[in-house]
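Engineer: Quick one: structure below, then a few questions.
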Amino acid sequence: MHSGQTNNSNECMLQNFFFKYSFVLILLFLFCARKDTESASYLKYNKVKTSFGDLAYVTNDCHSKNKSLIFVHGSPGNHTDFNEYISDTVLNERYCIILIDRLGYGDSEKMDSVPDIFHQSSAVYETLEWIYKSENLTIKSKTFIGHSYGGPIALLLFEKDRGHSKSCVLLASPLLPQFEEIQFYNKILQFRFFQFFVSKEIQHSNDEMITLKSDLEKMNKILLSSSEQLDGKIILVHGEKDWLVPVSHTTEWNPNNKKLYLKKIIIEGENHFIPWTQKAKIKEIIRESNE
């Protein structure tokens, strides 16, 4: 009986592995293959040297705008994940929009992985400071938007920028360490032999999954022990049927902060990919977060 249960368990784990990774690989292929917005004349492309490596970004025309939206993609991903948002007429007219290629992805430094949400957020923060200063921008409020692994990075940026940030919108984001476990396939992809068969982006993504649990533990301790509580809005948005990042990350995360406006939105029947399947709703939520 025990042997049969073990076999069934192993079979389920293998099915889960192939289902998840085949789906991620297909998505990665589609994102790489699709056309992005680089031909749009109103966009600017640049790269900044940070303490952790060169970081690439894309912006719209930010002059004469005093509100900024900063988008942080997941793992794997790149700035084109948010093309639909920077090309949106209403958002484009109202906000200075910045799309980030995180370290390890897109046009940013990607020879070495940086599996650390604190280093990732610091690199983005340095980049934002350089953008605002070099462009001589007067930004009065910022909204950080993060999808999946980009969520805790966006939250750390919100924490770093306390007093200047208006809101933080977290989409299908991992927030609680108790719901994160290293899987056997994560360990397999740490071996150099298996890395030969996958892209750098997949290798970096796997490295990030290895350290995510401990990073979330550290992040929550920092947020809870901070002498200065977060102030502003945090809106959590999650698909009810998310099989990559369980919805319990959103439903059970409570920072215990009376100064913070916290709103949770669970979208029935939706999965992990709400930035693309629920574009209109997410845009509405972003606008709401700035009211």
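Engineer: Quick one: how many residues across region 116-141 are in contact with a helix residue (DSSP H, G or I) (Cβ under 8 Å, 6 or more places away or on another chain) and more than 15 Å from Ala56 (Cα to Cα)?
Structural biologist: Summing the residues that are in contact with a helix residue (DSSP H, G or I) (Cβ under 8 Å, 6 or more places away or on another chain) and more than 15 Å from Ala56 (Cα to Cα) in region 116-141 gives 5.
Engineer: Another question, if that's okay. Residues that are modelled with pLDDT under 95, open to solvent by 70 Å² or more (accessible area, probe 1.4 Å) and of a type outside the set (A, V, I, L, M): list the helices (runs of 4 or more DSSP H) wholly contained in region 172-275 that include at least 3 such residues.
Structural biologist: On the way: elements: 184-188, 192-195, 200-225, 248-251.
Qualifying helices (runs of 4 or more DSSP H): 192-195, 200-225.
Engineer: Further, regarding this structure: So Tyr132 ticks every box in (1) in contact with a Cys (Cβ under 9 Å, 6 or more places away or on another chain); (2) open to solvent by 10 Å² or more (accessible area, probe 1.4 Å); (3) of a type outside the set (Lys, Arg); (4) not in a helix (DSSP H, G or I) but one. Which box is left unticked?
Structural biologist: Answer for Tyr132: the failing condition is (4).
Engineer: While we're looking at this one, here's another question. Within region 43-116, which strands (runs of 3 or more DSSP E) (wholly inside it) include 2 or more residues that are open to solvent by 30 Å² or more (accessible area, probe 1.4 Å) and modelled with pLDDT of 95 or more? Steps first, answer last, please.
Structural biologist: On the way: elements: 44-50, 53-59, 67-72, 96-101.
Per the criteria, 44-50.
Engineer: Restricting the search to region 117-143, which residues are within 18 Å of Asn220 (Cα to Cα) and not polar (S, T, N, Q)? Show your work before the answer.
Structural biologist: Start the filter on region 117-143 by keeping residues that are within 18 Å of Asn220 (Cα to Cα), which leaves 117-122.
Of everything in region 117-143, those that are within 18 Å of Asn220 (Cα to Cα) and not polar (S, T, N, Q) turn out to be Ile117, Phe118, His119.
Engineer: Can you tell me which residue among Tyr95, Tyr85, Tyr149 is more than 16 Å from the chain's Cα centre (by Cα) and either closer than 26 Å to Lys279 by Cβ or aliphatic (A, V, I, L, M) (or both)?
Structural biologist: Tyr95
The values are calculated or read from the model by the stated rules, or taken from the named source; none is laboratory data. Keep in mind the model is a prediction, meaning the values are calculated, not measured. All Cβ positions, glycine included, derive from the backbone under ideal geometry; neighbour counts span all protein chains shown. Calculation scope for accessible area: heavy atoms of the full protein, side chains included, ligands and nucleic acids excluded. Shrake-Rupley method; radii C 1.70, N 1.55, O 1.52, S 1.80 Å.
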